[in-house]
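Asks: Attaching a single structure in C-alpha cells format; questions to follow.
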C-alpha cells in the first residue's frame, strides 16, 4: 500500500491512547526487519531515517527501499525524516517522497526555531506531508548531532503552547529526561513536566531517546500523551549481537546472507517486542 503520513498514524494513536513505534533504519536488512515485525504484530509503523542514515545509504536508496517495502505490505507504513537540521535537506526529503519530516531547531533560539519550522510546515502541508519539531534539548548523540549532558535542557512548558500555535506543527518532540545512545544509568523521566505539556497542547507528543527506558516508564509516558516513541539504539544492539554470534560460532563464514540473516531476525524480534509495549499491535 502507499505510504501514509505520520499525522494519520498519530491521530489514530491519539484516539486509541497508544503509541506508534518510530524505528531508525540504515540499510535494507533493518527496513525488512521493521516491516516484518509490523506485519507479524498487525501494527502501523514509522520507519525513519536520520541525516547520518541518508549520508550512509543515500537518499534514493532509503526512499526506494521503504517505498518498495510499503508497496508489498498490508500494514500502514510512514517514511519519516528524523532530526533534520538543514532546511534544504528537509525540503529535499519532502520532494523525494518522505511522508513525514522532522525539523530539529532545538539548538536555535526559540523565535528562530519557530520561523524555520513554520516555513517547513507550510511547504509540507502544501503537498500532504506531516511535520514534527522539537523544543528542549535531548542529551546524547544522534549520528553527528551531540548534546552534552550539561547542555541538555528540558522543555519549558511555558514555550510549548506558543510554539505549536505559531508553527502549526503536527507533532512535537519534547525533552523530559531521555537521551540518545546507550544509557550510563537508569533514566529518570520528568512525568510532571510531561503531564503539564499534555494539558497545554492537543498535538501528539514524541519521545526521543527511548531505547533503554524502562518499559513501565514508556507506558506511563504513553498514558500522558506520548504518541510516537523513537527507537534506534536497541535495533543497532540487536543487529551487532546477531552478527557477533554468527562470527563467533563460525569464524570462517563468508556468506553475507548467513551473517546478516540472523541479525535481521534479531532486529525483527526487538521491534515486535517494542510494538507490543507501545500498544499498537493489532491496530493496523
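Asks: Can you list residue pairs whose Cβ atoms sit under 9 Å apart, with the first residue in segment 88-113 being in contact (Cβ under 8 Å) with a residue 40 or more places away in the chain and at positive phi and the second being buried (at least 16 other Cβ atoms within 10 Å of the Cβ) and outside any helix (DSSP H, G or I)? Count only pairs 6 or more apart in sequence or on different chains.
Replies: Going by the 9 Å Cβ cut-off, the qualifying pairs are 97/3; 97/79.
Asks: Answer yes if at least one residue in segment 231-244 is touching a strand residue (DSSP E or B) at 6+ places or on another chain (Cβ under 9 Å) and outside any helix (DSSP H, G or I), and no otherwise.
Replies: yes
Asks: Please go through segment 21-44 and pick out each residue that is farther than 22 Å from residue 241 by Cβ and not in a loop (DSSP other than H, G, I, E, B).
Replies: 39
Asks: Let me ask you something else. Within segment 64-83, work out how many residues are modelled with pLDDT of 95 or more, in contact with a strand residue (DSSP E or B) (Cβ under 6 Å, 6 or more places away or on another chain) and farther than 18 Å from residue 29 by Cα.
Replies: Looking only at that region, the number is 2.
Asks: Let me ask another. Could you list, in sequence order, all residues of segment 232-282 that are at pLDDT below 95 and under 14 Å from residue 38 (Cβ atoms)?
Replies: none
The values are calculated or read from the model by the stated rules, or taken from the named source; none is laboratory data. Keep in mind that what you see is a predicted model, and the values were worked out from it rather than measured. Here the Cβ is made from the backbone with ideal geometry for all residues, glycine too, and neighbour counts use every protein chain on show.
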